Amino acid sequence: MPILFHPQSRTFHLFNDRLSYIFKVLPSGHLGQLYCGRALHDRPDFDRLFETAPRAMAACSFEADTAYSLEHIRQEYPVCGPGDVRLPALDACMPDGSRLLDLQYQGHTVAPGKPPIQGLPATYTEQPEEADTLTVTLADPLAGVTVRLFYTIFARLPALARHAEICCTAPIELDRAMSLCLDLPDSDYEMVELTGAWARERHLTTRPLAEGVQAVYSLRGHSSHQFNPFLALKRPDCGEMQGEVLGFSLVYSGNFLAQADVDPYHVTRVTMGIHPQNFCWKLDPGQTFATPEAVLVYSDRGLNGMSQTYHTLYRSRLARGRWRDAVRPVLVNNWEATYFDFNEEKLLSLAAGAKALGVELFVLDDGWFRNRSSDETGLGDWQVDTAKLPGGLKGFGEKLGALGLQFGLWIEPEMVSPGTRLWQDHPDWVLHQPGRRPLPSRHQYVLDLSNPAVGDYLYDRLAALLDGVPVSYIKWDMNRSISDAFSCAAGPDRQGQVLHRYILGVYRLYERLTARFPGILFESCASGGARFDPGMLYYAPQAWTSDDTDAVERLKIQYGTSLVYPVSSMGAHVAAVPNHQLGRVTSLTTRANVAFFGAFGYEMDLTRLPPRGRELVARQVAFFKQYRPLLQFGTFWRLQSPFTHNEAAWMTVSPGRDTALVGDYLILQQANAGYRRVRLAGLDPDRLYRVTPLGSGAEPCGPAYTAGGDELMQAGLVTTGDSRMQQDGDFVSRLYLLQAVTE
């Protein structure tokens, strides 16, 4: 997995057996982009890939060369100043008011492994041979600015991690500091985005590139329901199973910008990083600013190939700690069962009923602390309501332990309710501008985590709350966006830092709590999926995918989420019907068949089910436990999209390709419908598989049969004639278990 530098041509070649990334030091001293794509054999130079042409009105680097203009040369980290008038990767204001920079190559180093980024989440290595890292130093001596570009290429994955570090010898103000810039030689791509809103997060949207800027972004203080910090550029003939695609994913949880800018010559510039709006970072001499990490993935095996690279990398080298590789417990959450209306007796009744069905973890959601009978009060003081829990959290946790259940707890530490003691004692700890009324959302306000004193308070309060309490799971919620981005603790020249420092404060609080309580499984939540991003996976290996628990809507949400994020990261629960968000009624079987492909649990009062329903849940839980490693850590394949079909299908395959589970979903029935089959993926074409249809409770139903892996992938799994799929109304589903036949 070498990183090679050819001194004569001054060319860098980063490559493994699936990816090549090539750039060079140009005659002007700048870095020029030459190639990003399928692996190439190394050669002493790739200068024939460097393109110039005379263009009218272009500012040229050399008087005698009218073709050499940085406006029309593909670059690695463009800036304002040396002739490039396109949108830059870096924009800074110098002490004299100038925004002109001229960053030229100074040197480079290559080292095994991957260095961390101070204060920021990032992918990592456990052994030096897993990756190599190139650091290229650029400098502008006149401006006193130095930039170090970091490139890490992984040995076994077609993935490249990038970030930049900027330092200075004179004070500057950074107004734009992108993590990644990639100039591509053409624009024959379709841009794939994950878009949505509350309860319909990460829907798949595709549009062809056109001249001009096309972007996704967040200005909400978090990555948002509306857009995810990701985009992909795929060739028009690229599908799930074949074709070329480039993925771009930002390991960050705050305001972001991800955009593709196509110029009139069809060169495409992709940039990704912290959104420059409301961002202004004053950098004093000797200080360094590090951008978040961006992860570029190349696939010539379609969107599934891109996704599987992200899944492997983020599951095993972004998530950390004890729970990274451990199967996740089957849980029940009391929220949709009780909302705020509960006492200990009621909770223990729910817990005992769940334990009898095989559930392993009981999660106590919102409402366990004082003055919290609705979402209008109580956030911030974090005092246990002993009227509801007479023995406190410790006593309640011990009673759950006596039942044989683990104890999970909901918190929302970043917020405060008006009227609490924290609100009264520290009004300056709320993000707002003095003299203006702060804007409420969900009857709560955002604490200023850009202020270290606020982070210290929350750490001390939560650590004291959890010490000695047998908690094994924390659901960390965040239920509103930031609207009043002003810190009373920051001076007027530091207000442009508040939103980024807020996210750094969130990361710091997570880091301290996960270090203090390494045995706790943290799940991030943000009113569902408003902060479902790679940055959070570094601290919490799973996230609540969406507040929408309807099985039909979850097909789209989980399908879109899987474009970047591993199945093990997706909290997926079976909820009551009629569904609390949509009122839709779906079968208990279909609800489980969707939720199996995630961190599985229940969001309902299981004691209210009739005997047949409880029996069904018990079989579902037993089935999930049996196949939990496969479902959570197998290779996931998307087979049929609910965004374009009346059906959806996906599957997961074991590492040895000896076991697979297929989920097949029919949304609406059609009269006198045609034939149905699903082409599978990821199997061994030379092996035979025993195919077993699974019915309610995931028990075998219907005759099993034997088919070749090549047949199942090329001809498909025939589902025509499955009477339940054709006659049981809308929203029906079937699982199929595939097991390799041994001689």
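The values are calculated or read from the model by the stated rules, or taken from the named source; none is laboratory data. Keep in mind it's a predicted model, so treat the numbers as computed, not measured. Cβ coordinates were reconstructed from backbone atoms using ideal geometry, including for glycine residues, and neighbour counts include every protein chain displayed. What goes into the accessible areas is simple: the full protein's heavy atoms, side chains included, and nothing from ligands, DNA or RNA. Shrake-Rupley method; radii C 1.70, N 1.55, O 1.52, S 1.80 Å.
Figures for the structure shown
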{"quantity": "Whole-number percent relative contact order across the stretch 631-688, with pairs defined as alpha carbons under 8 Å at least 6 apart", "calculated": "32 percent"}
{"quantity": "Whole-number D in µm²/s for the stretch 521-667 (Stokes-Einstein; Kirkwood sum over Cα pairs; 20 °C, 1.002 mPa s)", "calculated": "137 µm²/s"}
{"quantity": "Of Lys355/Lys399; Lys355/Lys556; Lys24/Lys114; Lys556/Lys625; Lys394/Lys475; Lys346/Lys399, those spanning more than 19 Å from alpha-carbon to alpha-carbon", "calculated": "Lys355/Lys556; Lys24/Lys114; Lys556/Lys625"}
{"quantity": "The stretch 1-109 - accessible surface per residue (Å², probe 1.4 Å)", "calculated": "47 Å²"}
{"quantity": "Segments 346-353, 405-412 sorted - mean Cβ within 10 Å per residue, highest first", "calculated": "405-412, 346-353"}
{"quantity": "Relative contact order for the stretch 546-684, counting Cα pairs under 8 Å that sit 6 or more residues apart, in percent", "calculated": "20 percent"}
{"quantity": "Computed helical MRE - 222 nm, the chain, DSSP H runs ≥ 4 contributing -39500 (n - 2.57), nearest 500", "calculated": "-5500 deg cm²/dmol"}
{"quantity": "Cα centroid of the stretch 514-586 to Cα centroid of the stretch 53-86, whole Å", "calculated": "47 Å"}
{"quantity": "Contour excess over end-to-end distance, with Cα ends at His6 and Asp186 and 0.36 nm allotted per residue", "calculated": "62.2 nm"}
{"quantity": "Under Karplus coefficients 6.51, -1.76 and 1.60, residue-wise ³J(HN,Hα) of the stretch 116-126 in Hz, glycine/proline x", "calculated": "x, 10, 4, x, 10, x, 6, 5, 8, 10, 9"}
{"quantity": "Residue order for Thr659, Thr312 - accessible surface, 1.4 angstrom probe, largest first", "calculated": "Thr312, Thr659"}
{"quantity": "Separation of alpha-carbon centers, the stretch 142-196 and the stretch 644-693, rounded to whole Å", "calculated": "39 Å"}
{"quantity": "Rg/Rh ratio calculated on Cα atoms of the stretch 127-265 (Kirkwood radius)", "calculated": "1.00"}
{"quantity": "Using distinct alpha-carbon pairs, which all enter the 1/r mean, Kirkwood radius of the stretch 493-600 in Å", "calculated": "15.2 Å"}
{"quantity": "Förster radius 25 Å - calculated FRET efficiency between Thr206 and Ser483 (Cβ-Cβ, nearest 0.05)", "calculated": "0.20"}
{"quantity": "Square roots of 5 times each gyration tensor eigenvalue, C-alpha, the stretch 446-508, largest first, Å", "calculated": "27, 13, 8"}
{"quantity": "Whole-Hz couplings from phi, Karplus 6.51/-1.76/1.60, listed for the stretch 5-20; x for Gly and Pro", "calculated": "10, 9, x, 5, 8, 6, 10, 9, 10, 9, 7, 9, 7, 10, 9, 10"}
{"quantity": "Calculated Rg and Dmax of the stretch 1-81 using C-alpha coordinates, Å", "calculated": "13.7, 43"}
{"quantity": "Whichever aspartates and glutamates have a C-alpha closer than 14 Å to that of Lys234, once near sequence neighbours (fewer than 8 apart) are set aside", "calculated": "Asp186, Asp188, Glu190, Glu193, Glu244, Asp300"}
{"quantity": "Reachable lysines, given that their alpha-carbon falls under 25 Å from the alpha-carbon of Lys282 and they are not under 8 places away in the same chain", "calculated": "none"}
{"quantity": "Whether the stretch 299-434 is rounded, prolate or oblate, judged on the alpha carbon gyration tensor where a/c under 1.5 counts as rounded", "calculated": "oblate"}
{"quantity": "Per residue, in Å², the accessible surface of the stretch 282-364 once ligands and nucleic acids are set aside, probe 1.4 Å", "calculated": "31 Å²"}
{"quantity": "Percent RCO, i.e. relative contact order, over the stretch 225-356, from Cα pairs under 8 Å lying at least 6 residues apart", "calculated": "24 percent"}
{"quantity": "Percent carbon-and-sulfur accessible area, the stretch 651-743, ignoring ligands, DNA and RNA, probe 1.4 Å", "calculated": "48 percent"}
{"quantity": "The stretch 195-333: antiparallel DSSP beta bridges as a percent of all, rounded to 5", "calculated": "95 percent"}
{"quantity": "Difference of contour (0.36 nm per residue) and Cα-Cα distance, Glu126 to Thr386", "calculated": "89.1 nm"}
{"quantity": "Gain on full stretching of the segment that runs from Gln118 to Glu699 - 0.36 nm per residue minus C-alpha separation", "calculated": "204.2 nm"}
{"quantity": "Anisotropy class of the chain from Cα gyration tensor, a/c 1.5 cut", "calculated": "oblate"}
{"quantity": "Average accessible surface area per residue within the stretch 470-565, 1.4 Å rolling probe, Å²", "calculated": "22 Å²"}
{"quantity": "Fraction of beta bridges assigned by DSSP in the stretch 404-532 that are antiparallel (%, nearest 5)", "calculated": "30 percent"}
